[in-house]
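Q: Would you mind keeping the following structure in view while I ask a few things?
The numbers here are math on the coordinates, done by the rules we state, and not lab data. None of these values were measured; they are calculated from a predicted model. Note that we place each Cβ from the backbone using ideal geometry, even for glycine, and neighbour counts take in every protein chain shown.
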Amino acid sequence: TGERKWVLETGQGVYEEDGTVEALEGIIIDITESKQQQNQIQYINDNDSLTGVYNRSYYERAKPLLEAESNLPLSIIMADINGLRLINDVFGLASGNLLISETAKIIKSCCRERDILARTGGDEFSIISPNTDFDKANEIRLSIKKALTECNSSIEDKALEISLSLGYAVRLTNETSIEETEKIAEAYMDRRKLLNKKSHRNVY
């Protein structure tokens with residue numbers, strides 16, 4: 001049928017009296033279904049159930065794997081949804097969840113293939129970007145801002161517009177840990193969020 005299958009193969013040689021191989025005999029078992037189940041379990045373990053992006057657990061496992069010098073400069077970009085609690089209180093959890101899902105789609109559309117995007121909190125997303133300097137990290141930030149503006153322009157109820165506070169930091173040498181870079185990005189994001197408290201319609 002042209003389908004690709006996962007199989008488990010075991011076999012052994014059939015030898016002539018002089019030791020030459022006459023044939024191979026064995027068995028091939030179709031394990032496609034069990035492999036798919038295994039992949040599904042792995043996906044559930046690695047991905048956020050609401051948004052489909054990576055979850056906090058995967059994000060934490062990925063950080064040590066990206067400490068190699070070959071990934072420098074490495075950027076951490078953090079995003080926090082402004083006013084999500086208010087949205088949940090006024091419009092309900094379903095509206096809040098929809099806002100989270102749409103935010104994830106927008107941020108993901110601005111990420112590159114090697115970037116790791118994860119939902120690291122209820123209203124928070126983090127991006128690890130290997131080989132990304134300050135200029136490139138800022139480009140990603142600006143592309144997220146532009147995508148949000150375009151998305152919000154199509155939302156009729158302005159109270160449901162998506163608003164983000166964004167922060168980023170860059171790890172330039174191995175002397176600085178990923179965790180330290182993450183803290184700098186978070187502090188930058190928190191400052192932006194503080195400036196944004198009076199209005200949840202702005203993106204920084």
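Q: Angle between the Cα long axis of helix 134-152 and the longest principal axis of the chain, 0 to 90 degrees, nearest 10?
A: Helix 134-152 sits roughly 70 degrees off the main axis of the chain.
Q: In addition: Given [x] 19; [y] 42; [z] 30 as candidate values of percent of Cα pairs over 28 Å apart, which corresponds to the one derived from the coordinates?
A: Calculated percent of Cα pairs over 28 Å apart: the matching label is [y].
Q: Right, something else. Beyond 26 Å between alpha-carbons counts as too far, so tell me which of Lys63/Lys158; Lys5/Lys63; Lys158/Lys197 fall in that bin. Spell out each step's value before the answer.
A: Values: Lys63/Lys158 37 Å; Lys5/Lys63 33 Å; Lys158/Lys197 17 Å.
From Lys63/Lys158; Lys5/Lys63; Lys158/Lys197, over 26 Å: Lys63/Lys158; Lys5/Lys63.
Q: Highest first, please rank the peptides 86-92, 164-170, 138-144, 25-31 by the mean number of other Cβ atoms sitting within 10 Å of their residues.
A: Ranked from most to least packed, the peptides come out as 164-170, 138-144, 86-92, 25-31.
Q: Can you tell me the dipole magnitude for the range 22-96 around its Cα centre, using point charges on the Cβ only (Lys, Arg +1; Asp, Glu -1), in Debye to the nearest 20?
A: Dipole of the range 22-96, to the nearest 20 debye: 460 debye.
Q: Hey, what angle do you get for helix 56-65 against the long axis of the chain, alpha-carbon based, 0 to 90 degrees rounded to 10?
A: 70
Q: Which of the three applies to the range 40-104, rounded, prolate or oblate, going by the alpha-carbon gyration tensor with a ≥ b ≥ c and a/c under 1.5 meaning rounded?
A: Verdict is oblate for the range 40-104.
Q: Quickly estimate the mean residue ellipticity at 222 nm for the chain, helices only: each DSSP H run with n ≥ 4 gives -39500 (n - 2.57), and the total goes over all residues, rounded to 500.
A: On the way: 6 runs with 87 residues, N = 204.
Value at 222 nm, helices only: -14000 deg cm²/dmol.
Q: DSSP loop (so not H, G, I, E, B), at most 16 other Cβ within 10 Å: list which GluC sites (Glu not before Pro) in the range 45-108 pass both filters.
A: Working: sites: Glu60, Glu67, Glu69, Glu102; in loops: Glu67.
Here the sparse-neighbourhood loop sites are Glu67.
Q: Now for a different question. What's the angle, to the nearest 10 degrees (0 to 90), between helix 93-109's Cα axis and the longest principal axis of the chain?
A: It works out to around 70 degrees.
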